[in-house]
Amino acid sequence: MLTAAVAGHVFASPSSSQILSALRRCASSRHGSLVIVKNYTGDVINFGRAIERARWEGLAKDFKMVVVADDVGVVTNQKLTNNDTNEVSDVGRRGLAGTVLVHKVAGAAAALGGSLEEVYRAAQTVTQNIATIGVALSTCTVPGSTVETRQMGSKEVEFGLGIHGEPGFEIKKLESSQKTVQQMLDKILNSPEMRLKLGARPSSYSAVLLVNNLGGTTSLELYTTARDALLYLRDRHVHVLKTYAGTLMTSLDMHGISLTLLAVPPGRERQML
């Protein structure tokens, strides 16, 4: 799905020089290149700078950048415009596992022979119709440390954590899988992104469900969560076209799961799957 990926140190953004090095090796001078970035300040700034330097060097016909901010665990009405790319993103809303679906749809559009503009529009459609929330029973342990980044009680669950161990919006008493999944999906379906698409009845939208292991979750827990999510979405009259479940975007050893819903506009099923 991707030609290249650029990573910094653990929980740190790659430098603009590292990103530029990747662009020099893989940018398409003939067709242009799409860069997909999660909405973290360092990532947005450094990727934006690298793209400007790549343009100055003439590495590609054109560059487009898509910023993914699918985290509904952060509530904000603020907007941030990157001066390098004119990309507008939600302040504070982090990029989570929904980014994987952006990769998939954009990659499929490119594989089908789409132009850079067509691939960019496909990726933008996903970012405008996607929402993710994570929960965890424990946070992650950063390499070199012997303790977790944050301690939680043995019978507590935290809602809305980020993939770098950032605090969520609420810590609750641990309940059953069904109740936890219901609270997660209610948060997604009642979010501004989804309220009028999947949360409203009747709805012409269908959905893609992504159940993601944040690192330390067993297969039994993962697939139990997937089953509970599908049953609850059925009760909410949400038509799920496809379900993905696996370890797709982790937070090291975090014992947790994230749920992502992609609202598929009517008539766009083929492009989204």
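Any read-out appearing in this document is the output of simple, stated calculations on the displayed coordinates, not a laboratory observation. Small disclaimer: the values here were computed from a predicted structure and weren't measured. Note: ideal-geometry Cβ built from the backbone for every residue, glycine included; neighbour counts use all protein chains shown.
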The helix 41-57 Cα axis meets the longest alpha-carbon principal axis of the chain at an angle in degrees, between 0 and 90 and rounded to 10, of 20
Per the 1/(1 + (r/R0)^6) rule, R0 = 25 Å and r from the Cβ atoms of LEU241 and SER219, FRET efficiency to 0.05 is 0.60
Expected sort for LEU233, LEU248 with the fewest Cβ neighbours (10 Å cutoff) up front is LEU248, LEU233
Between the Cα axis of helix 98-111 and the main Cα principal axis of the chain, the angle (0 to 90°, nearest 10) is 40
With Cα coordinates, the longest principal axis of the chain makes an angle with the long axis of helix 219-235, in degrees rounded to 10, of 80
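Which of the three applies to region 155-197, rounded, prolate or oblate, going by the alpha-carbon gyration tensor with a ≥ b ≥ c and a/c under 1.5 meaning rounded?
Numbers: a/c = 2.88, a/b = 1.33, b/c = 2.17.
It comes out oblate by the Cα gyration axes.
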A correct fewest-to-most ranking of ARG94, ARG236 by other Cβ atoms within 10 Å would be ARG236, ARG94
What helix-only [θ] at 222 nm does the chain give? Using -39500 (n - 2.57) per DSSP H run of at least 4, over all residues, to the nearest 500, the answer is -10000 deg cm²/dmol
Percent relative contact order for region 121-273, counting Cα pairs under 8 Å at least six residues apart, stands at 32
Placing each pseudo-label 7 Å from Cα in the direction of the beta carbon, ARG25 and PHE169 end up separated by a distance in nanometres of 3.9
Computed over the chain, the relative contact order (Cα-Cα under 8 Å, seq sep at least six) in percent reads 17
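With an 8 Å Cα cut-off and a minimum separation of 6 or more residues, compute the relative contact order for region 100-181 in percent. Mind dumping the intermediate values first?
Details: 88 pairs, mean separation 15.7, N = 82.
Over region 100-181, the number comes to 19 percent.
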Per-residue Cβ contact counts at 10 Å, fewest first, order CYS26, CYS140 as CYS26, CYS140
Simple spin-label estimate for SER204/GLN18, 7 Å along Cα→Cβ, in nm, reads 4.5
Once amide hydrogens are built 1.01 Å from N within the peptide plane, the residues lying 5 or more places from TYR244 or on another chain with amide H under 5 Å from its amide H are LEU209, LEU210, VAL211
